[in-house]
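Everything below concerns the one structure shown next.
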Amino acid sequence: MRHLRLPGGGDLPVLGQGTWGMGERSSARDTEVAALRRGLDLGVGLIDTAEMYGNGGAEEVVGAAMSGRRDEVFLVSKVFPHNASRRGTVEACERSLRRLGTDHIDLYLLHWRGGTPLAETLEAFEGLRDSGKIRYFGVSNFDPGDLRELWEHELGRAIATNQVLYNLTRRGIEYDLLPWCRQQELPVMAYSPIEQGRLLGDSELGRIADRHSATPAQVAIAWVLASEGVCAIPKAASEEHVEQNHAALEIELSEEDLAALDARFPAPGHAVPLEIL
């Protein structure tokens, strides 16, 4: 498994497992747990979740999947903006830890920008880190203006990642956000790398997939992984789906492939508002 270097040391796997939509139906729990555990079997140890997903249910699924295998997991979770006060962040983290059945979260993110002053959330993150409840902290869905404001705080410059929407149809971050993050050596985590499946019927993507004896989803993930400083966290709710996502690591897109995808899904030539799902 390839890795990105985290600010201050440590490694972030370039491919992970997303859990948005998990933990919402008890009938799917065993299948979801098995999928995550299959990912661990394959070395896909990055698991991304949040207190928001399934109202905490996704964290419980992740906790079940990690049982007895915590040391194989680089665990990411997120705090709601409305919980991101100094005290609220700590309490939210402790609730997440209970649901996850662990004593620490590897990377804890502010899910999106809310009304709480950034300094207050950052101080809470620092306290959680100092107490050993989290190892790193970061943000999600921050646009370039948010990041520049964050950088005005000394603790803000200690963030480990910005998790944002990025895929072939959502390339706006390439204009300003991604270059800025690369300049700061700040890894970017890309969620929804296949646009929740909406990309998969595209004919050009299908032609490139055929050339690689792969699926359109694998090519879409490989395209994200080819971006410098970016990791991808596709969701997979079945073992077969996890195996297919993992196989995307073996795809090397040619210059011809990349040019064809650029022509089909052009990057914007101007700044656009940060897109979210």
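The values are calculated or read from the model by the stated rules, or taken from the named source; none is laboratory data. What you see is a predicted model, and the numbers here were worked out from it, not measured in a lab. Cβ placement follows ideal geometry from the backbone for every residue including glycine, while neighbour counts extend to all protein chains displayed. The area values use the complete protein model at the heavy-atom level, side chains included, leaving out ligands, DNA and RNA. Shrake-Rupley method; radii C 1.70, N 1.55, O 1.52, S 1.80 Å.
Hey, does segment 113-131 have a residue that's in contact with a strand residue (DSSP E or B) (Cβ under 7 Å, 6 or more places away or on another chain), surrounded by 16 or more Cβ atoms within 10 Å (Cβ to Cβ) and within 15 Å of Gly56 (Cα to Cα)? Among the residues of segment 113-131, not one is in contact with a strand residue (DSSP E or B) (Cβ under 7 Å, 6 or more places away or on another chain), surrounded by 16 or more Cβ atoms within 10 Å (Cβ to Cβ) and within 15 Å of Gly56 (Cα to Cα), which makes the answer no. Tell me, yes or no, whether segment 90-110 has at least one residue that is farther than 26 Å from Gln17 by Cα, open to solvent by 10 Å² or more (accessible area, probe 1.4 Å) and out of contact with any strand residue (DSSP E or B) (no Cβ under 6 Å at 6 or more places or on another chain). Looking through segment 90-110, none of the residues is farther than 26 Å from Gln17 by Cα, open to solvent by 10 Å² or more (accessible area, probe 1.4 Å) and out of contact with any strand residue (DSSP E or B) (no Cβ under 6 Å at 6 or more places or on another chain). Of the residues making up segment 132-182, those that are acidic (Asp, Glu) and within 30 Å of Ser203 (Cα to Cα) are Glu174, Asp176.
Annotation note: of Arg70, Arg86, the sole residue that is over 25 Å from Glu195 (Cβ atoms), in contact (Cβ under 8 Å) with a residue 12 or more places away in the chain, in contact with an Asp or Glu (Cβ under 6 Å, 6 or more places away or on another chain) and open to solvent by 30 Å² or more (accessible area, probe 1.4 Å) is Arg86. Each residue in segment 40-77 was checked for being part of a loop (DSSP other than H, G, I, E, B) and either of a type in the set (Gly, Ala, Ser) or in contact with a Cys (Cβ under 6 Å, 6 or more places away or on another chain) (or both), and 5 pass.
Of all residues in segment 267-275, none satisfies being under 30 Å from Leu147 (Cα atoms), outside any loop (DSSP other than H, G, I, E, B) and touching a residue at least 24 places away in the same chain (Cβ under 8 Å). Taking segment 78-115 as the range and being outside any loop (DSSP other than H, G, I, E, B), touching a Lys or Arg at 6+ places or on another chain (Cβ under 9 Å) and within 19 Å of Cys231 (Cβ to Cβ) as the test, the residues that pass are Ile105, Asp106, Leu107, Tyr108, Leu109, Leu110. Against the list (1) without any contact (Cβ under 8 Å) to a residue 40 or more places away in the chain; (2) assigned to a strand (DSSP E or B), the condition Gln163 fails is (1).
Yes/no per residue for (1) open to solvent by less than 10 Å² (accessible area, probe 1.4 Å); (2) modelled with pLDDT of 95 or more; (3) on the phi < 0 side of the Ramachandran plot; (4) under 18 Å from the mean Cα position of the chain (by Cα):
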{"position": "Gln163", "(1), (2), (3), (4)": "yes, yes, yes, yes"}
{"position": "Gln184", "(1), (2), (3), (4)": "no, yes, yes, no"}
{"position": "Ser192", "(1), (2), (3), (4)": "no, yes, no, yes"}
{"position": "Leu199", "(1), (2), (3), (4)": "yes, no, yes, no"}
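The residues in segment 186-222 that are in contact with a strand residue (DSSP E or B) (Cβ under 8 Å, 6 or more places away or on another chain) and not in a loop (DSSP other than H, G, I, E, B) can be counted, and the count is 7.
Thr31 - would you say it is out of contact with any strand residue (DSSP E or B) (no Cβ under 9 Å at 6 or more places or on another chain) and either within 25 Å of Gln218 (Cβ to Cβ) or modelled with pLDDT under 95 (or both)? So Thr31 fits the description; yes.
Taking (1) open to solvent by 10 Å² or more (accessible area, probe 1.4 Å); (2) touching a His at 6+ places or on another chain (Cβ under 6 Å) in turn, Lys78 satisfies each apart from (1).
Restricting segment 1-48 to residues that are in contact (Cβ under 8 Å) with a residue 40 or more places away in the chain and basic (Lys, Arg), which is least open to solvent (accessible area, probe 1.4 Å)? By that ranking, first place goes to Arg38.
Of a type in the set (D, E, K, R), outside any helix (DSSP H, G or I) and at pLDDT 95 or above - does that describe any residue in segment 250-260? Yes, segment 250-260 contains a residue that is of a type in the set (D, E, K, R), outside any helix (DSSP H, G or I) and at pLDDT 95 or above.
Table: residues versus (1) of a type in the set (Gly, Ala, Ser); (2) modelled with pLDDT under 95; (3) over 13 Å from Lys235 (Cβ atoms).
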position: Ala35; (1), (2), (3): yes, no, no
position: Leu40; (1), (2), (3): no, no, yes
position: Glu51; (1), (2), (3): no, no, yes
position: Ala58; (1), (2), (3): yes, no, no
position: Ala64; (1), (2), (3): yes, no, yes
position: Gly68; (1), (2), (3): yes, no, yes
